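Read the structure below first, then the notes.
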Amino acid sequence: MTSLQGQTALVTGGAGGIGSAICRRLSVDGALVVVADLDGEKADRVARGIVSDGGRAVGIGLDITDRDQWRAAIAETTRIAGGLNILVNNAGGARIKPFEALSAEDWKHDIDVNLNGAFLGIKEAFDVMRQTASESASGGAIINIASVSALKGSPGMPAYSAGKGGLRLFTKAIAVDFARRGYRIRVNSVYPGLIDTPLTKPLFESQLKPGSEESLEAARSRILQQYPIGRIGRPDEIASVVRFLAGDDSSYMVGAELVVDGGLTAA
Ligand SMILES: NC(=O)c1ccc[n+]([C@@H]2O[C@H](COP(=O)([O-])OP(=O)(O)OC[C@H]3O[C@@H](n4cnc5c(N)ncnc54)[C@H](O)[C@@H]3O)[C@@H](O)[C@H]2O)c1
C-alpha cells in the first residue's frame, strides 16, 4: 500500500480496543497519529507505546460530545502537525438495556456518542482538513466507524442502532456533497461485527437468560454461532480496513460501507 508518510491522523476513542489498533496501524504505515480519547491518560499511554515502537504519536483528552473540546483538539493538532489529513471517528459505545429500562438520558447518551460526536468532529475539523487536502497530493480521508447494528436492529440496543444507523447515512450524504464540490476529502464508513474488545462484555452479560445457570462463556459461544466464520473478530482486522480507506489504495471510494463481520449480515 502507498505510505502515509507526511500525513497526520486523528483517531477518536484511540485508547480503546479498536481505536488503539487503528492508531498503531496508521503509525506503522507512516502517519503521525493524534490518539484522542475521553480517557486522556490512557490515550497518552497508547501514544507512548507507539513512540517507543519508533512511530510518531501524541495523546490528548477529548470528549467527542463537547464542541469546545473538539475545537481545542483540532487547534492542538494543527499546532503540532500543521494540518490534518485523516480523521477516524471511532469513539462510541452502547448502554445495553431493554426498551422498558431505557431512559431519555440513555437515549441521548448513545445518540451523542455514536452520531453527534462524529458530526461535531467533522464540523470542527472541516476547514483544516479542506486546507490540508488542497495542499496534499492525496487529499483527505474521513472514516466513520459504525456497526452491524446500523444494518440490522440489535435487540437491547435501540439507541445505539439509531445512532449508528444515523451515522451511516450522515456519512453517505456528506461523502456525496464533498465529492461533488471537489473538496478532495473522501468519506467512508466501516461496519464491524463482534470484535474482541472491552465493549463486548456488557453485550455478553445482557444475553444471559434471567434465572438460568448459563456461564458468560456459554453465552459468548451462543452469540458467536450466528457468525459464519465461527469466531470473534480482532481489532487489527478493523484497523487494516480503516488503513485501506485512509490511503490512496481506496482513491475511488466515496460513501462506501465496508462490512467487516465474519459473514454475519451476509447469512
Ligand atoms: N467491539 C465490537 O464488537 C464493536 C462492534 C461494532 C462496532 N464497534 C464500534 O467500534 C468503535 C470502537 O469500539 P471498541 O470495541 O474499541 O470499544 P472500547 O470500549 O474498547 O473503546 C471505546 C473507546 O471510546 C472512548 N470513548 C467513549 N466515549 C467517548 C467520548 N465521549 N469521547 C471520546 N472518547 C470516548 C472510550 O474511552 C474507549 O477508549 C465504537 O464506535 C463501537 O461502537 C465495536
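Considering only region 1-56, how many residues are open to solvent by 70 Å² or more (accessible area, probe 1.4 Å) and in a helix (DSSP H, G or I)?
Count: 9.
Among the residues of region 250-264, write down those that are under 30 Å from G139 (Cβ atoms) and assigned to a loop (DSSP other than H, G, I, E, B).
Hits for region 250-264 are S251, Y252, M253, V254, G255, A256, D261.
Looking only at helices (runs of 4 or more DSSP H) that fall completely inside region 146-248, which ones have 3 or more residues that are assigned by TED's automatic domain parsing to the domain that holds N116 and over 30 Å from V128 (Cβ atoms)?
Values: elements: 158-180, 200-206, 216-224, 235-246.
Fully inside region 146-248 and qualifying: 158-180.
Can you confirm whether region 217-226 contains a residue that is within 20 Å of Q7 (Cβ to Cβ) and touching a residue at least 12 places away in the same chain (Cβ under 8 Å)?
No, that holds for no residue.
Could you check region 190-229 and list, in sequence order, the residues that are among the small types (G, A, S) and open to solvent by 80 Å² or more (accessible area, probe 1.4 Å)?
Residue satisfying the conditions is G211 alone.
For region 66-90, give me each residue that is within 20 Å of A15 (Cβ to Cβ) and surrounded by 17 or more Cβ atoms within 10 Å (Cβ to Cβ).
Across region 66-90, the qualifying residues are Q69, W70, A73, I74, T77, A81, L84, I86, L87, V88, N89, N90.
Take region 107-144 and flag every residue that is over 17 Å from T78 (Cβ atoms), more than 15 Å from the ligand (Cβ to nearest atom) and among the β-branched types (V, I, T).
Passing the criteria: none in range.
So, in region 91-146, how many residues would count as being open to solvent by 60 Å² or more (accessible area, probe 1.4 Å) and hydrophobic (A, V, I, L, M, F, W, C)?
5
The values are calculated or read from the model by the stated rules, or taken from the named source; none is laboratory data. Computed from a predicted structure; not experimentally measured. Counting neighbours? That spans all protein chains shown, and the Cβs are built from the backbone with ideal geometry, glycine included. Please note that ligands, DNA and RNA were not included when accessible areas were found on the heavy atoms of the full protein model with its side chains. Shrake-Rupley method; radii C 1.70, N 1.55, O 1.52, S 1.80 Å.
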